[in-house]
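Peer 1: Just passing along the structure, written as structure tokens.
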Amino acid sequence: MFQDFNLNPAILKAIDELGFKEPMPIQAEVLPILLSQRTDLVGLAQTGTGKTAAFGLPLLQNIDAKNRSVQALILCPTRELCMQITKDLLSYAKYIPELMIVPVYGGASIEQQFKSLAKKPQIIVATPGRLQDMIRRNRIDFSHVQWMVLDEADEMLDMGFQEDVDAILEYMPAEKNTLLFSATMPAEVEQILNKYMNNPVRISIGAKNSGTANVRHNYYLIKASDRYLALKRLIDYYPSIYGIVFCRTKLETQEVADNLIHDGYNAASLHGDLSQAQRDLVMNHFRQGFTQILVATDVAARGLDVNNLTHIINYNLPDDIDTYVHRSGRTGRADKTGICISLVHVKEKHKIKAIEKQLQQPLERALIPTAQQVCEKQLFRHIDNLEKVDIMREDIDDYLPIVFKKLNWLTREELITRVVALNFNRFLDYYKDAKDLNVDEDKKDGKDKKDRKEKKQHDDSHMVRLFFGLGKRDHIKPNSLIGRINDVTGTKDIEIGHIDLMENFSFVAVDGDKAQFIVDCFADPSKNKEGIRVEITTGEPKSRDGFHEDRRRRDREEEQHSRRSRRQEKDSKKAKKDKKVSSKKKKSRENERPERKHGKRVRY
């Protein structure tokens with residue numbers, strides 16, 4: 001019970017009104033420590049397990065509300081999480097009127113945040129980027145900070161805030177206590193722990209880097225071409241679904257959301273191309289339940305805190321296992337259960353074992369429901385809705401005699417049949433000739449494999465190799481390179497063949513008819529905001545039967561590009577040198593030019 005922790009009566013009153021009775025596991029472990037001593041602490045637990053109260057309640061207990069100075073700083077990765085933490089802390093501090101908590105995040109009016117900070121709050125909740133801006137503008141005095149909290153530390157570093165976090169931690173006073181909370185513990189988080197924390201107490205709820213035990217993990221083997229059909233069928237099979245569908249790219253996210261909306265589903269998209277106002281609108285509708293399915297990218301969904309999610313659907317498996325852990329951890333919160341579903345192409349199946357090893361939980365293979373199973377599920381839901389419908393007698397009583405008279409000729413069975421058919425016919429019609437979307441792994445058809453191989457070789461002969469100015473040193477992977485092509489060109493219909501990643505650049509085989517189109521798109525600064533250099537190069541795509549020849553060709557191409565770069569650099573230096581020499585000669589000639597004095601030539 002929270003009463004056992006000797007909390008301030010004002011805090012106890014607030015959390016009692018919120019309905020808090022028994023502390024969650026992370027709270028039961030952390031609260032006794034932080035309420036009894038000043039210490040650094042590392043808490044390892046999944047998102048949605050009550051970490052905000054675990055560090056928030058001790059902060060509120062230890063803050064001097066009468067002292068108008070910043071005493072605690074909470075750093076988190078995203079605007080949404082920043083707002084959520086602020087909202088939670090304000091609800092816990094409802095009966096401490098002197099206490100002021102201010103959120104500082106990007107995308108909001110900086111002038112308004114200046115005004116809020118000028119009132120000297122005791123607690124600041126901030127995102128790294130905007131906080132760095134405030135520090136540069138000298139808007140915050142951190143000299144009295146006693147508590148520093150890093151929430152969702154792994155996500156902050158994964159989003160590229162490593163330098164910002166280091167700079168902020170260096171700026172903080174030496175005499176303070178640091179609390180670090182994370183769902184996973186990668187090497188980068190361990191470095192922060194070792195560098196900035198002093199003998200921290202370690203609390204771990206669940207195994208390190210593992211998933212929550214309240215989530216069931218299922219995967220479905222499908223053909224790549226059936227991915228969207230499988231998604232629709234699963235959504236139909238779970239008619240009460242309230243969840244997030246994760247996609248890899250912004251373009252794919254928008255396409256999936258648009259298709260779902262067009263097909264009559266209550267869906268919306270969330271990705272980096274949306275304005276802040278659009279993001280806020282989408283999230284408000286989703287949190288309030290007006291939107292049933294949110295289709296999102298990982299970056300856009302960082303820090304989302306939405307309760308009661310029933311399903312997480314991986315439209316594609318992520319490349320990084322930690323990302324899978326974060327995705328799945330968004331359901332099964334607060335002792336509730338959830339399902340994490342993955343649509344897996346046969347070639348991706350090798351990732352399943354790696355995910356199982358880290359989660360320390362099995363991923364169970366499930367079969368995509370048949371058309372009959374989906375229709376039965378929808379029918380039972382429709383019948384349940386009929387049974388539970390809230391009848392507003394006062395509103396319809398005057399109209400019922402007319403209805404009874406109109407339908408008097410129908411028997412009870414005929415009336416029920418017509419009511420069911422009215423809302424159910426579209427499902428029967430859609431699934432009338434629906435095919436089986438499951439992949440049979442045991443089916444080995446050598447002829448089909450040969451045909452696919454011949455088809456691929458035939459298609460490759462019509463491909464052109466493109467040079468991309470990105471390579472291994474840029475931490476680029478084939479999938480992310482394909483994603484950039486999709487984003488810049490605005491289409492996913494371009495056929496892409498073999499990809500060769502070099503140290504400083506890459507070669508990508510593409511459909512010959514689309515090669516110049518890709519080059520033109522990347523030449524447009526408004527589309528290619530990263531300024532990635534792309535050009536058509538010589539040579540054929542990789543041949544399956546000519547590995548060594550292909551390797552020699554790649555070496556020649558690499559050497560050609562290196563020579564071209566050295567030649568361009570040499571020509572540039574020579575041009576600068578020639579220009580300098582020419583300038584000196586011109587100046588010398590001007591000094592030697594004869595002038596007339598008293599009608600005679602005089603040479604100086």
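Peer 1: Find which of Asn198, Ser116, Gly56 sits farthest along the positive direction of the dipole of region 2-204, computed with +1 on the beta-carbon of Lys and Arg, -1 on that of Asp and Glu, about the Cα centre.
Peer 2: Final value for the positive-end residue is Ser116.
Peer 1: Can you check how the C-alpha radius of gyration of region 373-430 compares to 2.2 N^0.38 Å, as a plain ratio?
Peer 2: In units of the globular-protein estimate, region 373-430 measures up at 1.34.
Peer 1: Could you tell me how far the Cα centroid of region 352-369 sits from the Cα centroid of region 234-301, in Å?
Peer 2: What the calculation gives is 25 Å, centre to centre.
Peer 1: Hey, another quick one. Would region 1-126 count as rounded, prolate or oblate if I go by the C-alpha gyration tensor, calling it rounded below 1.5 in a/c and otherwise prolate when a/b exceeds b/c, oblate otherwise?
Peer 2: In terms of gyration-tensor shape, prolate.
Peer 1: Here's something else I'd like to know. Taking a ≥ b ≥ c as the square roots of the Cα gyration tensor eigenvalues, with a/c under 1.5 meaning rounded and otherwise prolate when a/b beats b/c, else oblate, which class fits region 210-320?
Peer 2: Judged from the Cα gyration tensor, region 210-320 comes out rounded (a/c under 1.5).
Peer 1: Which residue, chosen from Gln288, Val346, Gln276, occupies the Cα position most advanced towards the positive end of the dipole of region 228-363, where the dipole is computed from +1 (Lys, Arg) and -1 (Asp, Glu) charges on Cβ about the Cα centre?
Peer 2: Val346
Peer 1: What is the dipole size for region 373-430, taken about its Cα centre, with +1 at each Lys and Arg Cβ and -1 at each Asp and Glu Cβ, in debye to the nearest 20?
Peer 2: Charge dipole of region 373-430: 220 debye, to the nearest 20.
No value in this document is a laboratory result; all are computed from the given coordinates. Every value quoted in this text rests on a predicted model; they were computed, and no experiment measured them. Cβ coordinates were reconstructed from backbone atoms using ideal geometry, including for glycine residues, and neighbour counts include every protein chain displayed.
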